[in-house]
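Single-structure report; data block below.
The values are calculated or read from the model by the stated rules, or taken from the named source; none is laboratory data. Please read these numbers as outputs of a predicted model, since none were measured by experiment. As a convention, Cβ positions derive from the backbone with ideal geometry for all residues, glycine included, and neighbour counts pool all protein chains shown. SASA here: full protein model, heavy atoms, side chains in, ligands and nucleic acids out. Shrake-Rupley method; radii C 1.70, N 1.55, O 1.52, S 1.80 Å.
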Amino acid sequence: MSDVKLSLILISHAHVPYGAETGEFEKMYTNLVVPFVSGLYRYPRIQAVIHYSGVLLHWIERSHPELFMLLEDMVARKQIEMLGGGFYEPMLPIIPQQDKIGQIELMTTYLRKQFGKRPQGCWIPEYAWEQSLVSPLAACGMGYTFLSERQFALAGGITSANPAGIPAGIAPCICEDQGKLITVFPVMQSLEEAFAGKGISDSLLVLQDSLGKKRHAENEMIISVFPKKISAKSAESPDYAWGRFFEEISLCDTFVETVSPGKLYRNLKCLQKRCFSDSTGVENGISPRRFIIMHPEAGRIYSKMIFTNVLINQLRGDKSRKLSAHEELWKAQGSTLFCSTGKQGLHNHTLRNASYSALLGAERVTREKGKFNPMLVSYDFNMDGTEEWLFQDSRINCYVQSTGGGIFELDYLPKSWNYLDSCHGRTAFSDRLLPSGTKIENLCIGNVSKSRKCCEEQYDLDEMDKVRRILRLVLRPNAATLGGSKTPVPFGRIEIKKCFQVKKDTVLAGYSLSNRGTEPEDFCFAPEIDLAFPGEGSAFTRFFACKPGNQDTQLAQPQVRLGDGVKIHDLKNEIQITLTVNRSFDINILPVHIPGTKSNESLFQSLCAMPLFPVSLKPEESWDVEFTLKFTH
């Protein structure tokens, strides 16, 4: 065994996303925060680094202020070092530069006020790294941070292995960008696994002996560990497990020394420079930029975030209002929504709803009361090289895309709610042409055989009247079908023209379907209208059939035959949504679910209203219908 001690940096990290239920905060507090802090407090010789996100710390301050007394005491006796970072645990690589700095400075100010000391290091959520992060981190006074051993391996920072199965030859390094520097410590996830499997003392002893024999530099004797799984025994209570953990660490003091990175990094010498690729520290290493491309629901939140940032930056001469808008925006930038380990978070509609609510809150701050002018503009909102069309009114935002010619964001601003916040890129007024004779009982979410899914086709701009705020789109007949293709698109000879208009609290959608072929066409027209609600069931929504001049009739099931309109009560937001049509129609309203992470689990996303109309068209004949979607509260 080497006579050189192993320098061990112990890190405790905990975060609960903004918008999570109170029970999630209590669970994190009970199972991790209290056992770790109280257990560590009993071993004053053991030093540690603590990073609890600003969201979690603020909740603890209000709900369990007694814990702050322990933390303050341990900071005062220099047993713990509080780690900085973005207040709302943001996905740092993808947020604007001023938001990176703003979130970190907000967290820094909070820690300084609460614990009397400015943090020297920074936590990077999900270890999501891009080299350009060095400059804003350094600008905020951050001297060091942490990345995973996997990222060190990809950067060439691992040269050998040891008998414990833990990589060796790994050491702190320097990263540079635009002349700014930051020290990066490696976090050994494999050591965490060894703790649970082989025991803490044995794992550290084997590692220390191996590194002592093979090390090429003294820096290789410095390792960081983020201990989450410290026991292979599921029956152990958190308090007992962490107490045992700290006891074993204290018994290793002859060959292991726990250290504070804030003291350590300034005295490190001869560190190698490394460049880490864009990545995260999780197993698949997907960067957040790739993640938002792969998951349209994450991409929409990202697009809204960037768009809201543009609106905020247009504010001039009112620093207080601009700061208030930024602080709302920051709440929506949580890493849980932009990474694969947080995929369950992305699919959790409660967290997405909270994010959109914050974004809309920021947008409302940018609008000066009494001076907002409704508008219709074309703008590449999705940043995909194709312009979308944005209706912005005093009460409603309505964003329309060319793919499918549908509405992909529908915001009711008085309640800061996006009624199209759903997974898999679902839209409102997403058109389908179905075989003649289709019944509402046969309507389903997804493909129907021998149907035409117009939502996957490109609608062209026919007219955009900015003065009257009217948008007209057209889906032209399928060229291959008109040309007599052997595999024609079902109902490919049908041309669809649609018109959108927004007035205060109402969205108007008009259709004109024309037969451009030489033969008669019989089919059913079924536009899908997705609407995202806070939850599923009678506690969240109630359904009514409505006819002009008559009293609304509550429905036992969300299904209407030959009706004129249907009303949905959003009980949580206290909003009534009324869909009326100028033709009698059948309608079925179905819940949209996606698979959860557990077996036989499904996660509610939205409700899909599917009105059904039988249509019969002779060559060059047209058929029209008009929808009115009205919001009241």
Exercise. Could you do me a favour and compute the accessible area per residue for the range 486-580, 1.4 Å probe, result in Å²?
Key: 46
Quiz prompt | Calculated SAXS-style log₁₀ I(q)/I(0) at q = 0.09 Å⁻¹ - the chain, Debye, Cα scatterers | solution = -0.81
Practice problem: With an 8 Å cut-off on Cα pairs and a minimum separation of 6 or more residues, tell me the relative contact order of the chain in percent. | Solution: 10
Quiz item: Per q in 0.26 1/Å, what log10 I(q)/I(0) does a Debye calculation on the alpha-carbon atoms of the range 2-89 return?
Solution: -1.47
Self-check item: Mean Cβ neighbour count within 10 Å, used as a protection proxy, ranking 586-594, 525-533, 308-316 highest first
Solution: 525-533, 586-594, 308-316
Quiz item: In the full protein assembly as shown, how much of Ser132 is accessible to a 1.4 Å probe, in Å² to the nearest 10?
Solution: 60
Practice problem: Leaving ligands, DNA and RNA out of it, work out the accessible area of Ser287 with a 1.4 Å probe and give it in Å² to the nearest 10. | Solution: 20
Practice problem: Show me 466-476, 293-303 ranked by packing, highest mean number of other Cβ atoms within 10 Å first. | Solution: 293-303, 466-476
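List, in the order given, every pair from Lys180/Lys304; Lys113/Lys304; Lys331/Lys415; Lys369/Lys503; Lys415/Lys630 whose Cα-Cα distance in the structure shown is over 21 Å.
On the way: Lys180/Lys304 31 Å; Lys113/Lys304 32 Å; Lys331/Lys415 17 Å; Lys369/Lys503 18 Å; Lys415/Lys630 14 Å.
The answer is Lys180/Lys304; Lys113/Lys304.
Order of 440-446, 138-144 by packing, highest average Cβ count within 10 Å first?
Numbers: 440-446: 13.6, 138-144: 18.7.
My ranking of the peptides, most packed first, is 138-144, 440-446.
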Practice problem: Enter the accessible area of Thr22 (Å², nearest 10), with the probe set to 1.4 Å and all protein chains included. | Solution: 90
Quiz item: From Cα coordinates alone, what are the radius of gyration and Dmax values for the range 13-64 in angstrom?
Solution: 11.6, 37
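Output the antiparallel fraction of DSSP beta bridges having both residues in the chain, as a percent to the nearest 5.
Values: 104 of 129 bridges.
DSSP beta bridges in the chain are roughly 80 percent antiparallel.
Can you show me the helix-derived [θ] at 222 nm for the chain, built from DSSP H runs with n ≥ 4 at -39,500 (n - 2.57) apiece and divided by the number of residues, rounded to the nearest 500.
Working: 17 runs with 173 residues, N = 633.
That comes out to -8000 deg cm²/dmol.
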Quiz item: At each listed q (0.18, 0.21, 0.23 Å⁻¹), what is the log10 of I(q)/I(0) that the Debye formula gives for the range 487-556 modelled as equal alpha-carbon point scatterers?
Solution: -1.00, -1.08, -1.14
Practice problem: Compute the Kirkwood hydrodynamic radius of the range 261-316, taking the inverse of the mean of 1/r over all pairs of distinct Cα atoms, and give it in Å to one decimal. | Solution: 15.1
